[in-house]
Structures are given as C-alpha cells and as structure tokens.
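The block underneath contains the structure these notes are about, expressed in structure tokens.
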C-alpha cells in the first residue's frame, strides 16, 4: 500500500508557503493566552476524556447540544474514526473525484473498497451515476467546498449522495471561507437527519494547523457510536484549551476570513490576467489551469524562487473533464500574493 | 462492541487521584517554557510531519538512529498504528491476562481475534502454552512492567512470546519506574532483532498525561511500514515541543522517579501492615489484594472520602491464580499517600 503524500512542509524560513492551505494570519491572541495558561496547568493529569468545555462551545455555535459533538486529533482522525465506526472490511466508500485522495488511503488501511464519482468539467456529477454508487455505499465523503477545485455543492446535489444504509460525511474543512458560511443547518433538515455527519477542523479558518484539532457534528446516536472507537484520551489538554479559545473568538476568525476573501478576489483576477483558467473558489485556495498545460514546470519555476504551490495530478478523471492536472494555490497575505504574482509575471512568458 | 472504559477523571478539585497512574509531580520547567514558546510560534502552519527534532532526541536516548523512532498522539495511537500496520481482519493478537484490556478493544475495532495468555498466581505463564499461542499470532502485546500487577518479565520469558511470523510489542509505559531502567537494549539482541517494537509514553514518567504523546522504537524497516498508516500530521507542534524538552531533561524525570520509588516502598510496607497482600512493583502503582476480598467496598469507601483508586475485576482468569479482582493504587506524593493511609486505617477495621 502506498501512503498518502502530504504537501511539502519545509521547516526552514524564507519560503512563501502557498501549498497546504494554511491560514496566513496567526491565531487569536486569546488562543496564545489559553495555551500559555494550560502550560502551567495540571499537565501531569489526563485531560477530560470528552473535551466537555470544547463541546459546549462548539455546540453553541452549531445550535445543537454537546452530545452532537465529537472532538478529534485533527479532522484526519475524525475521518479515521468514521471509517472505523461505520465500515467493515470490504465496505464501499464513495467520494467525488478529483477530491481529497487521503480518503482512499484511509479506506485501504481499513480494507474498504473505494468508488470514485467522476466529476464533469463543470464540477457536477451525473445524478444517476451518483445515486447508483451512493446507494450501496457505507460512507460517502464529500469535501464541501471541494479541494482542489474550491467549488461548493448545493443541498439538492448532496441529497443525491445519501446512501441507503450508510452515512454522508460532509468534510467542511473550508466551510468558513464559503461566501455564505454555514453551521450544520443541513443536519437539521428532515432529508438528511441521522444520515449525515459534518466534520470541521481548526487547521484552516482558525489558523491552528500546528495544533491538530478537529471535530464532528452529528446526531447523538451516531456520535455515541463514534465515541466507542476513538482513543480514550484522543485530545490533549493544551490543544483542547487552544481550540476552545479559538471557537469562542469568532470575531478574530471572521476578520481573518474577510482578509482572505478580499485577497482571493485579487488573486483570481490577477491569475486570469496572466492567462490562467481560474475556477471560482469558495475556499482559501484557487484551482487554476493554464492553456499551455505546463503546470509542473510552473510549479518548479516557482519552487526555485522559494514559492511553494501545489502541483496536482489526478489519474483516471473523466476524459472530457480536463481535470487531469493543475495548480492549487493557497490564498496567502497580500504580501505573499505580491511575491507570487511578481514571480509568475517573470515565469509565464517563458512557459507559454 | 463495548468501548474501553478508562479510569475516572473528575475535573473538579479536591480529589486525591490515585487511579490512573499519573505522575504526581509536574513536568520539567523546561517543558513549560517550550510550550509557552511554541504558543507564539507558527501555529497557523502544519507541524513537521515526522517530528524530526523529537526523533533525534529520542534516538540519542535509545542509542539508535532517528529512523527507528515513530512519534504518536499518545501511546494508544502507537498501539493503533501497530494493529493497522501488521494485522488484517481475523489476525490473531495475544497478550498476557490480566493486563491492559484496551488491547482487546483496539483488536475488536480492527476485526482481529484475541487470545489471552492466562497468568498464574506468581505472574508467570506456562511456557508451552505461551509458545503455542504466540506461534500463530501476528502481534503479541506485553506491558512490561505489567499493569495492573506491576511485575517485570525477563528477556528469556519474553523470548517465549515471539511470533513465528509477527511482532512482539513491549509496551513500556512504566519502564522508567523499574528498578533497572532500560532503553531498548533488547531491540539490539540477535534473538529479538526485527521482531520487536518498544512503545513509550510521556504520560507517566515525564508527567505529561495532559499532552498525549508517545513513540515507538523499532527497526527502520518496521518503522517505515508504520509511517504509512499514521495520519499525516499526527503530532501537534506544541505537544512535540513539550515532548522534546521533556526527553532532553532526563535529570528532572529521574529526580521524580526517585521520589516515586521511595514512596512506593513506603506505600507497599504500609499496605502490608494493613493486612493487604502486596505484589512487588516495578511500576508507579501497587497491585494489592485483601484476604477479605472486599475490594469494591474499600474502593467505594475511599471514593466517599474523595480518594480514587482503581478497583479492577478480571473475568476468566486462571482459576487458581487469585487474580479475579484487586486494587491498583498509584504511587502519589507523600502527602497523598498520608491521606490514603489515614483513610484506609479508618476503613479497614470495618471491612475485615
């Protein structure tokens, strides 16, 4: 089995990192305070096994009770918990493709088989194909907004993906960057009730990729089953304190969100002017393709200049979709965007 | 499936917590500094995916190269990674019993079957039974020192547990409390080479149960396979900084270890004077049984006084072993021990 290959994470300074969709702005000062206070707390004692205080804060934001919330060590752990809860070896997992290929690695570890729902050029799927694949699935994973394409699917589209005897997982890692942010409203719609789990992360909108904390929101009955398979103390006391402070400081997150959305418009416009086909984005990154098709060369030329973007290739996409490869560029600060655009202005004439 | 039930973790003050084998002393001041420094670091950026700096520090302590080390989110995650790496559904897992029953929950999640190697009254096993069970196992888990009994098995005894086509996992959560501490020496013995994994945790000797960090030590070939199944960024930046500072401050850990070992002698002596049968311990807890058999009542009487110890019951032990139930009492501070002994002095006459 081949392991999932995450984006490059150089630990030395001097890089303009636009490859793994981190938030370019720091976390709330209240998060820093919370971590520093936790450092002098009772670290020799096991944490609250169910992160009660955090769950209360998250429940308030989502308009549910705390028994809808399960905290995890990054949303990757939440995805693992979902597979371990709902799948047996041989169970069918479905996800749109191209999308977050880690689902395939996680499925393989658990001995599940995976079917890809191939996206069309306009990022829609064939609804009868969707229904047929989802029907027999135990889990359907849908990043919404999607990565790498940054599009958001509607509730009616998502409804086509409900398994008959399984769960639809909305991986909302990027939801806070959507034009209309949402807080689990679909979970309360009759058609989705008890058939859907929403996952969230602190790595993106809350600027906490360094602490690894995520959570899921789902009907208490589903959540109760998931609690049984997680590690007893999966969330550390410091990370939980940080996440609790972060989710309580919505103003800080929303202010950063506004900055990212403003820069997203600027970046999209500039990329289009440089000749890229830019997919409208509801996330903190932009998927773009150049008619020259020289995405790998552009990626490498940027890397030589210490600018990292993500060159992505997807084997086996729908033939006419044009989704074989492209660049996924994180929306950074305006300064980072200036550096990127200046470099591209130099690079692109050579590449076309 | 029934989930593993961890020890009680009251979050309010006023409890004397001697039930989950935490270290009663705080972590090194250098750990506190490292966490506070990390709080103002680049938390918006993903951590180093392989915890390089930590692995270098751990490798030095164990006299190996960093590619022997895999960091995890608490040693429970390391155990999960081991099962996911080496087992398929239906694979056989063996462990001595009574021992750490979480192994059974983790095995069940992965669809593995578990065989218990039943301990005798003197905490040894039947060597032909051990060989027969281990022979066909994919993984053999052995806590060494064991919990709840606190005994340490010898290298020759452990050799009896080597699977023919599998791995022996030494769960060394309590190794630093053994009379002769060890640092993976067995991994370099010919008979165990490439057939053994050692796991360690920061929750006990390093006083960091709050941060959830553990690691495994094993031949690079085994370790490489395990890297493929872990989450991409399973260790958070703050926890990794804390663990790195902790492992570098051996003096602090060893000073706390000395205090725990001194109190262990005192506690064992006093419990014996109170009429308990005390099993000699190589860990930071003591397994004791009272001839009255009224372990649950003693546990409850202590709990009424806000003193928590662990009342443990083990179904299906070897009939003549006498290991059906007992009390596992963590070695706390001298003050906590005074409180416990004063309470027991009141309680015991009523219970005998």
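The values are calculated or read from the model by the stated rules, or taken from the named source; none is laboratory data. Given the structure is predicted, the values throughout are model-derived calculations rather than measurements. Cβ placement follows ideal geometry from the backbone for every residue including glycine, while neighbour counts extend to all protein chains displayed.
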Practice task
Confirm whether residue B:32 is modelled with pLDDT of 90 or more, surrounded by fewer than 23 Cβ atoms within 10 Å (Cβ to Cβ) and at the interface with another protein chain (Cβ under 9 Å from one of its Cβ atoms).
Solution key: yes
Handout entry: Residues being modelled with pLDDT under 95, within 20 Å of the chain's Cα centre (by Cα) and assigned to a loop (DSSP other than H, G, I, E, B) - total across segment A:95-140
Key = 2
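Taking the stated definitions as given, is residue B:248 closer than 30 Å to residue B:47 by Cα and away from chain A (no Cβ under 14 Å)? Quick ask: steps written out before the conclusion?
On the way: closer than 30 Å to residue B:47 by Cα: yes; away from chain A (no Cβ under 14 Å): yes.
Taking the combined requirement at face value, the residue satisfies it.
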Handout entry: Yes/no for residue A:184 being closer than 19 Å to residue A:84 by Cα and outside the structural domain of residue A:336 (by TED's automatic domain parsing)
Key = no
Problem - Filter result for residue B:128 (touching a helix residue (DSSP H, G or I) at 6+ places or on another chain (Cβ under 9 Å) and either over 24 Å from residue B:214 (Cβ atoms) or without any contact (Cβ under 8 Å) to a residue 40 or more places away in the chain (or both)) - result: no
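Residue-by-condition table, conditions (1) buried (at least 19 other Cβ atoms within 10 Å of the Cβ); (2) free of Cβ contacts under 8 Å to residues at least 12 places away in the same chain; (3) outside the structural domain of residue B:96 (by TED's automatic domain parsing):
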position: B:281; (1), (2), (3): yes, no, yes
position: B:301; (1), (2), (3): no, no, yes
position: B:321; (1), (2), (3): no, no, yes
position: B:332; (1), (2), (3): yes, no, yes
position: B:335; (1), (2), (3): no, yes, yes
Handout entry: Hits in segment B:79-94 - residues which are buried (at least 20 other Cβ atoms within 10 Å of the Cβ) and in a loop (DSSP other than H, G, I, E, B)
Key = B:87
Exercise for the section: Mind listing whichever residues of segment B:51-70 are surrounded by fewer than 24 Cβ atoms within 10 Å (Cβ to Cβ), touching a strand residue (DSSP E or B) at 6+ places or on another chain (Cβ under 9 Å) and outside any helix (DSSP H, G or I)? Expected result: B:64
Problem - Filtered residues of segment A:207-242 (kept if more than 9 Å from every other protein chain (Cβ to nearest Cβ), outside any strand (DSSP E or B), in contact (Cβ under 8 Å) with a residue 40 or more places away in the chain and more than 24 Å from residue B:102 (Cβ to Cβ)) - result: A:218, A:219, A:220, A:241
Practice task
Using the structure shown, decide if residue B:48 is more than 24 Å from the chain's Cα centre (by Cα) and either surrounded by 22 or more Cβ atoms within 10 Å (Cβ to Cβ) or in contact (Cβ under 8 Å) with a residue 12 or more places away in the chain (or both).
Solution key: yes
Handout entry: Qualifying residue in segment B:207-214 (condition: closer than 30 Å to residue B:136 by Cβ, touching a strand residue (DSSP E or B) at 6+ places or on another chain (Cβ under 7 Å) and surrounded by fewer than 19 Cβ atoms within 10 Å (Cβ to Cβ))
Key = no
Exercise for the section: Examine segment B:153-169 for a residue that is modelled with pLDDT of 95 or more and buried (at least 24 other Cβ atoms within 10 Å of the Cβ), and state whether such a residue exists. Expected result: yes
Exercise for the section: Could you tell me which numbered condition residue B:76 fails, if it satisfies all but one of (1) in a loop (DSSP other than H, G, I, E, B); (2) touching a residue at least 24 places away in the same chain (Cβ under 8 Å); (3) farther than 30 Å from residue A:24 by Cα; (4) within 12 Å of chain A (Cβ to nearest Cβ)? Expected result: (1)
Practice task
Please indicate, with yes or no, whether at least one residue in segment B:97-104 is touching a strand residue (DSSP E or B) at 6+ places or on another chain (Cβ under 9 Å), without any contact (Cβ under 8 Å) to a residue 40 or more places away in the chain and closer than 20 Å to residue B:252 by Cα.
Solution key: no
Exercise for the section: Would you be able to say whether some residue in segment A:5-16 is modelled with pLDDT under 85 and either more than 10 Å from chain B (Cβ to nearest Cβ) or touching a helix residue (DSSP H, G or I) at 6+ places or on another chain (Cβ under 6 Å) (or both)? Expected result: yes
Exercise for the section: Please give the number of the condition residue A:116 fails out of (1) closer than 19 Å to residue A:159 by Cβ; (2) touching a strand residue (DSSP E or B) at 6+ places or on another chain (Cβ under 8 Å); (3) surrounded by fewer than 21 Cβ atoms within 10 Å (Cβ to Cβ). Expected result: (1)
Practice task
Sort out for me the strands (runs of 3 or more DSSP E) sitting completely within segment A:256-352 that have 3 or more residues that are under 30 Å from residue A:29 (Cα atoms), within 20 Å of the chain's Cα centre (by Cα) and modelled with pLDDT of 95 or more.
Solution key: A:325-330
